[in-house]
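Just below is one structure, and these are the notes that go with it.
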Amino acid sequence: MRDPQRKHTSWRTLVLATALLAAVIGTSVLVAAASAKPTSQGATIKVGLITKDATNPFFVKMRAGATKAAKKLGAKLSYAAGKSSSDNASQIAAIENMTTAGVKGILITVADGKAENAAIAKARKKGVIVIALDSPTVPPSATNALFATNNFNAGVLIGKYARAATKGKKVTIGMLDEHAGSSVGALRHNGFLKGFGIKGSNSQIACVGNGEGQTAPSQTAMENCLQKNPNINVVYTINEPSAAGAWTALKNAGKTQAATTIVSVDGGCAGVRNVRAGVIDATSQQYPLLMASRGVGAVVKYAKTGIKPKGYTDTGVNLIAKKALVGVRSKTVKYGLANCWG
C-alpha cells in the first residue's frame, strides 16, 4: 500500500520543479530579448572609427566628419588608426578593444581586403554592426555595409583622361599602388587599366611599385621605376600624396610637366591645388566627410531602432581637371577647390 504522505510530497516536488524550469526559461527569454533591444533612451551610443593611418589628409578629414556627426547626433566616437596603411595588427586590436568597450557599430577603412575579416566576424557575432568606409572587404559581405566611392569608376575616369591626354600614342607607364592586399588599390589600379584601354600585361607598363599611399615611400618607388625605365611619361598613382612623391622623383630626374602625365584619386585640397599647378593632370575627387557622416548616422539609427544598414552606398566621384578634354567628362579646378577637403 502506497504512503499517501509520500505521494503528496512527490506531487509537490514535481510542481515546484516545473515552476522553477518555467522561471529559468522565462529569464533566458528576457535576457535574449534585452540583448536584442535598441539602446535605452538616454544611454550614450558609442561609435567606433578605425582608419588605415592617422596622418593621411583623407583619414584626417574622415575622422573630423565622424566626430562632427557623432556630436550632432549625441553619440560618443572612439577612434583608432594603424601605424601605416598596411598595419593589419593594429586594426584587429582596435576592433577587439572597441567591441569590449561596448560600441554599437564600427566604421573601418580596412588595411587589407581579408586580414581583418575574422575579427570583424567576431564583433558582428556579439551584436556590433561593422561598416566599411572607402575600402571594401573581400568578400564585401564580411561587413554589414559599405559606404564608399566607386573606386573602380574613379580609376576608369583617370585612365580615360590619361589616354585622351596622350592622344592615343604609345607611352611608357609607371603605376604606383598602395600595397599588396589593398582592396581599394586593386579597384583603382584595374579601373585605370580599363579606362586607358589596356590589360595588366600590356608592354606599355614599364613598372608597378608600391608607395603605401604616402609621399616619401612613393618618391622612392618612383625612383626605382625610373631606374628600370627612364622613359616613363605616364604615371598612375593610388592617391595624391603618392602623386606628390612621384612628381618629386620625376622632377629630380629632369622630367617636365609638359612631357609627363600624372593622374590620381582623392580630391583633397592639396591635390586639387596640384592639379591647378599642373603637377597632377587630373584627379578623381571623392568625399570622405559624406562617408563618415552617413556611417555614424547608420550606427545611431541601428542603436535606436535595431535596423541594420546593408549593401553598398555610393558616395560619389567627380573627375577634376585643369584642362577639359573631348570625350572625358570632368569638372573644373574651381569646382574641385569648392568641394575639396584637408
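The values are calculated or read from the model by the stated rules, or taken from the named source; none is laboratory data. Worth saying up front: this structure is predicted, and the values here are computed from it rather than measured. Cβ placement follows ideal geometry from the backbone for every residue including glycine, while neighbour counts extend to all protein chains displayed. Side chains are part of the model used for accessible areas, which takes the heavy atoms of the whole protein and leaves out ligands, DNA and RNA. Shrake-Rupley method; radii C 1.70, N 1.55, O 1.52, S 1.80 Å.
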Candidate set: region 44-79, residues that are hydroxyl-bearing (S, T, Y) and under 21 Å from A216 (Cα atoms); chosen: the one modelled with the lowest pLDDT: T55
Could you look through region 101-129, keep only residues that are of a type in the set (V, I, T) and touching a Gly at 6+ places or on another chain (Cβ under 7 Å), and pick out the one that is farthest from P140 (Cα to Cα)? V103
Testing Y79 on (1) open to solvent by 10 Å² or more (accessible area, probe 1.4 Å); (2) touching a residue at least 60 places away in the same chain (Cβ under 8 Å); (3) not in a helix (DSSP H, G or I), one condition comes back false. Which one is that? (2)
Go through region 90-100 and give me each residue that's small (G, A, S), in contact with a Gly (Cβ under 8 Å, 6 or more places away or on another chain) and more than 21 Å from T44 (Cβ to Cβ). S90
State whether one or more residues within region 215-233 are in contact with a strand residue (DSSP E or B) (Cβ under 7 Å, 6 or more places away or on another chain), over 25 Å from F147 (Cβ atoms), small (G, A, S) and assigned to a loop (DSSP other than H, G, I, E, B). no
When both residues are 6+ apart or on different chains and their Cβ atoms are under 7 Å apart, which pairs have a first residue that lies in region 173-192 and is over 23 Å from N229 (Cα atoms), and a second that is open to solvent by 10 Å² or more (accessible area, probe 1.4 Å) and of a type in the set (A, V, I, L, M, F, W, C)? G181/A115; S183/V138; L187/F152; G191/F152; G191/V156
Would you mind listing the strands (runs of 3 or more DSSP E) fully within region 240-342 where at least 1 residues are within 18 Å of A148 (Cα to Cα) and of a type in the set (D, E)? 261-266, 311-314
In region 213-252, the residues that are of a type in the set (D, E) and surrounded by 24 or more Cβ atoms within 10 Å (Cβ to Cβ): E240
